[in-house]
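The values are calculated or read from the model by the stated rules, or taken from the named source; none is laboratory data. Computed from a predicted model, the values in this text were never measured in an experiment. We place every Cβ from the backbone using ideal geometry, glycine too, and count neighbours over all the protein chains shown. Ligands, DNA and RNA are excluded from the accessible area calculation, which covers all protein heavy atoms including side chains. Shrake-Rupley method; radii C 1.70, N 1.55, O 1.52, S 1.80 Å.
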Amino acid sequence: MLPDTQALIDNLPVTVGWLRKLLEAKFGHEVQLLEVAPLSGVLGMMSALRRVRLHWNATNNTNNNELPETVIIKMPSSSQAIQNLSSATGSDDMAAYTEKIQRIMHNNEVGAYTWLSSVSPSPIPHPQIYAAHNLATPTPIIVMEELEGNLEVLQHGFDEAQLFEITETLARFHAHCLADGSWKEAEFEPMEFGKMSTFGDMIKQLADGLRKGKPGFWECLDPLFEHTDILENYQLGLMERDSPHQILAHGDLWCPQIIWADDGRTIRGILDWQIAHPGSMMEDISRVLATCTKTELRRRLQPKLFDRYYEVLKEECEKNNVTPGFGRDFLDSEFKRMLPYTLPQTLFACGIWANSNVLKRSDADDDARVSEIFARTRAFFEDANKVLGWGMNSN
């Protein structure tokens, strides 16, 4: 049993005693905290995550299935982000940048989980939330259920059935957002990367790092910088609140954020809503296609996925006596409009993953993981350049 005075995470202001009292109030039984341990294999770019093992002092007639054996705690911490960004960009001046956005990310996730937990039935699968406190409180922490399930391996990417499941899940969620505007009452502060010169510099540094690491391979990146301004591109993703097509975008949807049931076909929960914001209905599906789908499968399925998305969105809207307000062709034009926003996000992911334990784990598969993500990223850029009419010299 851990002492009440022990900090749950070193140098962060929440104790064992605080969490014990929270859980006892939530579940109505005495509990002991047996262990607090880091989550293995979790990147945790802007947060410190821990698994807390519990022992309940419950009576024999208690349904123990209702009492969790573990909970996950999540608190803002930028140390890992500083390390990964410094490695990817070659800059030692990342501390001020990461601390600047850490507050926004934690508070946005608190806002997202608070709203999602208030809606019944939930419009999208997510873990049960036991507490969600923002940085204005003495205990800035999220305490949540540990979902049992599986993660898809990034190198392998999502398969066809999973892509359709993701597409249908997003379509149902977006239909709910169109029908029920209560999500707009939650406080989501835009990241406003477009106002941070550091962000534009960092994207360029990431591109330079990739080019130096593999000369001649990354010519596909050049048109992005020749035809657009990186900071202005980011504004494409920040839709006005009065837009009829605006929904709550997850903002960072990729393999580790989706927990699958044992069948590998059913989504049990979507995690990490730190970059949630009012955005485009094409943002999250574009990110999944760009970063988590093998090239051949993306090229073959994208039109079919958009078709299915529109079918489900329209059906769900009709159930709620609303209309999407657009036809199927809108999805193609919106995907194209968002590409200058999607591309820097894809570049950012590729550069960071290649310099962190997402891809680099000091094992025999490091090169295979990096090669697959590099090839996937380059192909997405090449296809986007064609869609946008940006000329380039291909290898």
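For the chain, build the charge dipole from Cβ charges (+1 Lys, Arg; -1 Asp, Glu) around the Cα centre, then report which of ILE259, TYR341, CYS220 sits farthest towards its positive end.
Of the listed residues, the answer is CYS220.
Quick one: ranking GLU189, GLU168, GLU69 by accessible area, 1.4 Å probe, largest first, what do you get? Numbers along the way, then the final one.
On the way: GLU189 75, GLU168 40, GLU69 145 Å².
Highest to lowest solvent-accessible surface, that is GLU69, GLU189, GLU168.
Counting just the Cα atoms, what span does the chain cover along each of its three principal axes? Round to the nearest Å and put the largest first.
For the chain, the Cα extents along the three principal axes come out at 70, 53, 39 Å.
Give the relative contact order (percent, whole number) for the chain; include only Cα pairs under 8 Å separated by 6+ residues. Mind dumping the intermediate values first?
Details: 625 pairs, mean separation 68.1, N = 395.
In percent, rounded to a whole number, it is 17.
Using only the Cα atoms of the stretch 105-186, build the gyration tensor, take square roots of its eigenvalues as a ≥ b ≥ c, and label the shape rounded, prolate or oblate: rounded if a/c is under 1.5, else prolate if a/b is larger than b/c, else oblate.
Because a/c hits 1.5 or more and a/b fails to exceed b/c, the stretch 105-186 counts as oblate.
Could you list which residues have their amide H under 5 Å from that of SER47, counting only those 5 or more apart in sequence or on another chain, with H placed in the peptide plane?
SER77
Starting from 0.36 nm per residue, how many nanometres of slack lie between ASP365 and LEU34 once their C-alpha separation is accounted for?
115.6 nm
If you count only protein heavy atoms and use a 1.4 Å probe, how large is the accessible surface of THR114, to the nearest 10 Å²?
My reading of the accessible area for THR114 is about 80 Å².
Note the full-extension length gain between LEU67 and GLN6 as 0.36 nm times their separation in residues minus their Cα-Cα distance, in nm to one decimal. Working shown, then result.
Numbers: separation 61, 0.36 × 61 = 21.96 nm, distance 2.30 nm.
Gain on stretching LEU67 to GLN6: 19.7 nm.
Quick one: net charge around TYR310, please, counting Lys, Arg +1 and Asp, Glu -1 for every other residue with C-beta under 12 Å from its C-beta. Walk me through the numbers on the way to the answer.
Values: positive: LYS304, ARG308, LYS314, ARG328; negative: GLU168, ASP307, GLU311, GLU315, GLU316, ASP329, ASP332, GLU334.
Net charge in that neighbourhood comes out at -4.
If the chain between ASN150 and GLU382 were fully stretched, how many nm would it gain, using 0.36 nm times the residue separation less the Cα-Cα distance?
In short, 80.3 nm is gained.
Keeping every protein chain in place, order TYR130, TYR113 by accessible area at 1.4 Å, biggest value first, i.e. largest first. Intermediate values should be presented prior to the final figure.
Values: TYR130 30, TYR113 0 Å².
The ranking, largest first, comes out as TYR130, TYR113.
Could you point to the residue in ASN320, GLN246, SER120 farthest towards the positive end of the chain's charge dipole, with +1 and -1 charges on the Cβ of Lys/Arg and Asp/Glu respectively?
Toward the positive end, the furthest listed residue is GLN246.
Residue by residue, what Karplus-based ³J(HN,Hα) values in Hz, rounded to whole numbers, does the stretch 244-254 have, using 6.51, -1.76 and 1.60 with θ = phi - 60° and x for Gly and Pro?
Couplings: x, 9, 6, 9, 8, 8, 5, x, 8, 8, 8 Hz.
As an exercise, take the mean of 1/r over every pair of distinct alpha carbons in the stretch 113-155, invert it, and state the Kirkwood radius in angstroms.
About 12.3 Å for the stretch 113-155.
Using a 1.4 angstrom probe and counting only protein chains, how large is the accessible area of ILE166 in Å², to 10?
Number for this one is 10 Å².
Mind running the shape call on the stretch 256-395? Use the C-alpha gyration tensor, a ≥ b ≥ c as the square roots of the eigenvalues: rounded below 1.5 for a/c, prolate if a/b tops b/c, oblate otherwise. Could the numbers behind the result be given before it?
Details: a/c = 2.05, a/b = 1.34, b/c = 1.54.
It comes out oblate by the Cα gyration axes.
Given R₀ = 22 Å, what would the calculated FRET efficiency be for ASP332 paired with HIS227, taking r from the Cβ atoms and rounding to 0.05? If you can, show how the numbers build up before the last one.
Working: r = 20 Å, r/R0 = 0.90.
It comes to 0.65.
What dipole magnitude, in Debye to the nearest 20, does the chain give about its Cα centre under +1 on Lys/Arg Cβ and -1 on Asp/Glu Cβ?
The calculation lands at about 280 debye.
What's the FRET efficiency of LYS21 with ARG211 using the Cβ-Cβ distance as r and R₀ = 51 Å, to the nearest 0.05?
That gives a FRET efficiency of 0.45.
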